[in-house]
1. Does A:Ile392 satisfy the criteria of being more than 13 Å from every other protein chain (Cβ to nearest Cβ) and either in contact (Cβ under 8 Å) with a residue 60 or more places away in the chain or touching a Leu at 6+ places or on another chain (Cβ under 7 Å) (or both)?
2. Suppose we filter the range A:310-335 for residues that are in a strand (DSSP E or B), at pLDDT below 85 and either surrounded by fewer than 23 Cβ atoms within 10 Å (Cβ to Cβ) or of a type in the set (Asp, Glu) (or both); how many remain?
3. Please work out if A:Gly462 is away from chain B (no Cβ under 14 Å), over 20 Å from A:Glu413 (Cβ atoms), free of Cβ contacts under 8 Å to residues at least 24 places away in the same chain and in contact with a helix residue (DSSP H, G or I) (Cβ under 6 Å, 6 or more places away or on another chain).
4. Go through the range A:701-742 and count every residue that is assigned to a strand (DSSP E or B), aromatic (Phe, Trp, Tyr) and surrounded by 14 or more Cβ atoms within 10 Å (Cβ to Cβ).
5. Restricting to the range B:1-12, count the residues that are outside any strand (DSSP E or B) and modelled with pLDDT of 90 or more.
6. Among the residues of the range A:819-841, are any assigned to a strand (DSSP E or B), of a type outside the set (Phe, Trp, Tyr) and within 30 Å of A:Asn69 (Cβ to Cβ)?
7. Any residue at all in the range A:57-68 that's in contact with a helix residue (DSSP H, G or I) (Cβ under 7 Å, 6 or more places away or on another chain) and part of a strand (DSSP E or B)?
8. Can you tell me which condition A:Ile423 does not meet? The list is (1) in a helix (DSSP H, G or I); (2) within 14 Å of another protein chain (Cβ to nearest Cβ); (3) surrounded by fewer than 23 Cβ atoms within 10 Å (Cβ to Cβ), and all the others hold.
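The values are calculated or read from the model by the stated rules, or taken from the named source; none is laboratory data. What you see is a predicted model, and the numbers here were worked out from it, not measured in a lab. Every residue, glycine as well, gets a Cβ built from its backbone with ideal geometry; the counts of neighbours run over all protein chains shown.
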Amino acid sequence: MSLYEGAVKKPIMTTLCFVAVMILGLFSLTKLPVDLYPDIDTNMIMVVTTYSGASASDIENNVTRPLENTLNAVEHLKHITSESRENTSVITLEFEYGNDIEVITNDVRDKLDMISSMLPDEANTPIIFKFSSDMIPIVILSVQAEESRSALYKILDDNVANPLARIDGVGTVSISGAPEREINVYMDPNKMEAYGITVEAVSQVIAQENKNVPGGSFDIGNNTYPLRVEGEFADPQQMKNIIVGTHNGAPVYLRDVARIVDGVQERAQKAYNEGVQGAMIVIQKQTGANSVQIAQDVKKMLPTLQKQLPTDVKLGVIVDTSDNILDTINSLTETILYAILFVVIVVFVFLGRWRATLIICITIPMSLIASFIYLLIADGSLNMISLSCLSIAIGSVVDDAIVVLENVTTHIERGSDPKQAAIHGTNEVAISVVASTLTMIAVFFPLTMVTGMSGVLFEQLGWMMCVIMTISTISALTFTPMLCSQMLRLQKKQSKVFLYLYAPVRKSLDKLDDLYARLLDWGVRHRKTVIASCAALFLASLGCCSGINSEFFPTSDNGRVAVNLELPIGTRVEFAEKISLELTRKWQERYGEDMDAINFKVGQASDDDTFNSLSDNGPHIINFNISFVPSTDREKGLQEICDEMRADLAQYPELVKTDVIMGGQHGGMGGQAMASFEIYGYDFNQTDKVAKELKTKLEEVKGVAQVNISRSDYQPEYQVDFDREKLALHGLNLTTAATYLRNRINGATASYYREDGDEYDIKVRYEPDQRTSVEALENVVLYTANGKGVRVKDVGTVVERFSPPTIERKDRERIVTVDAVLSGIALSQGVAAGNAIIDKMELPQGIFIKVAGSYEDQQESNRDLGTLAVLIVILVFIVMAAQFESLTYPFIIMFSIPFAFSGIILALFLTGTPLSIMSLLGGIMLIGIVVKNGIVLIDYILLCRERGMGIIRAVTTSGRSRLRPVLMTTLTTILGMVPMAVGQGVGAEMWRPLGVAVIGGLTVSTVLTLILVPVAYCSFAGNGVAFKRKKMKKARELNAYYQSHKDKMTRVKASGRIRHHHDDSQES
Amino acid sequence: MKSVMITFDQAFYERIIETLDRMNCRGFTYWQQVQGRGSKTGEPHYGSHAWPSMCSAIMTVVDDAKVDPLLEVLHAMDQETEMLGLRAFVWNVEKTI
């Protein structure tokens, strides 16, 4: 019993099998995490090595270079970049995507073990640090506060950060902008000198006094008691009464030389929300956690948390990545529903029967829902790629069901019983259904093998399409015939209303059939004209190529903008605050309701604030975080807003660097396009000059919104040059002297003050006003081993110097990167403009400029996709050749592929869409979709020929008969894509190019396939027949010749004659 | 005793078995897949790409009296759905065991 026979004869089993699949699918759907993109494994490893006291160039030569040379041998390495700055070397290794990062990490570790003995002795062991997307914060909360500001850190830590950290999946919660409490012991240098007391002595005494010591146990009578000495301070002010030394026999109390301030950290980052000072709470997730779920949980918790806070502390949300994800996913879901609706309408119009429409449409949700099971098994998520994939699949999953249903209907109309019709009708088309699925799989399976960044995206799409196609075929061969046998009946009477409504549709479809048959009849008689005009159209479309620009990923509007500003180094934090507040006010006024939140932070991040200390920070650096309402609710596009902001910033000449980042973060997908130029060269001055020249010229290019140079300026700093001889004379060494300085200026952490289970630093240092001048530094007293004091100015000099900038290297050469952020022009145009400038520049010897960044990625993926297209074409050819058992017919069908590409080119040209990776993906999918039409046509032409028709008659008959199926499958795919192509929802700009490409390519290719493929068949078949006739004629002539000359030629004949002779002789 | 050879499009199978049951013709021999074509208009049934449908054949040996009613029913069935094709042929049975 065959598969379909079994299915038809056991309807309950079949139905329940599919119900089970649906239930599993829906169950999986509830378990699937939601995200914007598929999980992209990290491909970066950082190696951080510290070497205290070494300058940038020392680090470069002694640490970075040897490490780079060794690490360069690690497998799968793509680029090696490094930053050598004072004290640290940071090497970033970028690997090819798709490799197991754990294995690579081990390789890197082995290589580091090999080299570590070659590094300078003082250098620390290199530390391996893995980058991952989990480090990007998923929610940032804002906090506004008035009176509670000084205690804000503790309030937030206890009442907000700790409860939030308990949410499932939350990784770290860090508070920034709220300074932590600190007990400051401010020493008066003059009094210290008078009493002969040092900072070190004071901090040592504090550490000794502030202690609880257990004394063991002791017995009294029958009982044992523990013994303790409790010396910890219960109040910071108790410290005043500690005796820190003696002077002339009298005790010196701490209060005599210092004052104690129970305050906050001196240098801390400040955060402003909507212009009001407060704090920021940054929430990062654990690896692999569901970010949308976490963000929702956090938001759900906020009202409860708000209640526990003092009334002046207000919580808000600055960045919530989940909003954008949910909006995007929702608008994509809407797109899918519209696509289903359109497909159902098309099927109904063409079939004209509601039962048949219902049977086919049941296949759609079934195949789509079943794919969720795959997603759950493969640890996938509901993201833009997997949902786009559903949208793409809708048009194709009905095809198989349509073919089966059509044939079953034919059988029923011939008089078969529905059950028998379902079995035999399915049996007849099963092979071609499987073959057409195989062509689709031939297209999508290679997608799973793409490497690189695009590979990460397409792998999931490839697998999902393969799964969906397989399920839809299985369903078409089992579930559809079963439903046909149960639901289809020979239609003996049609209702009047239906006839009235459907008659015009039927009439126009019939007319279309006639028109097409006539056109085809003309076409096959004017083959040369048809082929020539098709070729001309193809060439003309290639001409449009030059009018199309290219980009890597479409820019998407996620409503987030980050602005990073840099003032000259040494600018006081108050000035930075002033400028930031001014900008805040300006932007608040201009964008009003459109702006959801505006927040900025300024100042030095504290050491224990992991999130902020990783990013650039300092008193002169300002970071804005601005979020806008979803793109559907505002008039201005994000790009326009960014351009306006850049114009505002241009009015502040005091800003040395401005960087407006659309989308909130550089790189990644969906950000603003950026043309990066890498200047390689050893000499700082020369490369600096080239970079500046390139920057100035790029800024003049229209469409370049901002240009950033990666190398920063020389930093001014004070250095103390100790005279080693003089130090030695006093019995001091450099480290001791430097530590003395550090303890007085930066402070020494003496001990911890404990209160309510929390610990706060007790810091001992000079009074703030005693460390604001060079003289103060010079007057610092260093004590020798025998207690003699000596001033810094006696053993050294304080000088102002400029420290060299960070030395950046890439692929083992020094480099400066110039990034041009593009607005209004495509990446290809930006790169072309840059290249034109570079061509005109006179580069000094040994300096060269390379285009890098996303342009490099784009070129790489284009190359990958190009190879893929060739691979797919070959696979599709093989599948078709196997199906037709011929090499000619697949070749004829392949004629439709070039026109798919001219269709894409025309569509992109007319809509002004740049060629991006998404439209290329559309092109690749089309290879599979357009050949399907050709297969249907050629298959039926062959059938007619086998039934004995002449070439032209076979072509016109099958054209007329197959027009509707071809139109139906094409229209389902095209209309399935329409919601994608015209979508206005959040994130629509990402998949619009895909929709445009598929619609354009499929339309042009289908129209031309309907004419060109039959015509090409005629030519080939005509030639084939002529060739065969010639061959037969030759064979006939040869045979005639042979027959007439048989006697002379064959030895059989000769021997025969001998035998005859023999016979004759016998007879005689 | 006569033998009736019925050749028909596969889709008829169930209806023919039903008919035989109804007419009390118990014994029969059934060939599930046979190929053939009609003498005049009958479409070929080859199970090939061009002619995908297939025929079946049933041979039943019945009493002489049952032959005519059986042929009548079969003829009616054929007339109703001409497109499928159904033919019956009758032979004499010389001997049986």
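1. yes
2. Result for the range A:310-335: 1.
3. yes
4. Count: 1.
5. Summing the residues that are outside any strand (DSSP E or B) and modelled with pLDDT of 90 or more in the range B:1-12 gives 0.
6. Yes, the conditions are met somewhere in the range A:819-841.
7. no
8. Going through (1) in a helix (DSSP H, G or I); (2) within 14 Å of another protein chain (Cβ to nearest Cβ); (3) surrounded by fewer than 23 Cβ atoms within 10 Å (Cβ to Cβ) one by one, A:Ile423 breaks only (3).
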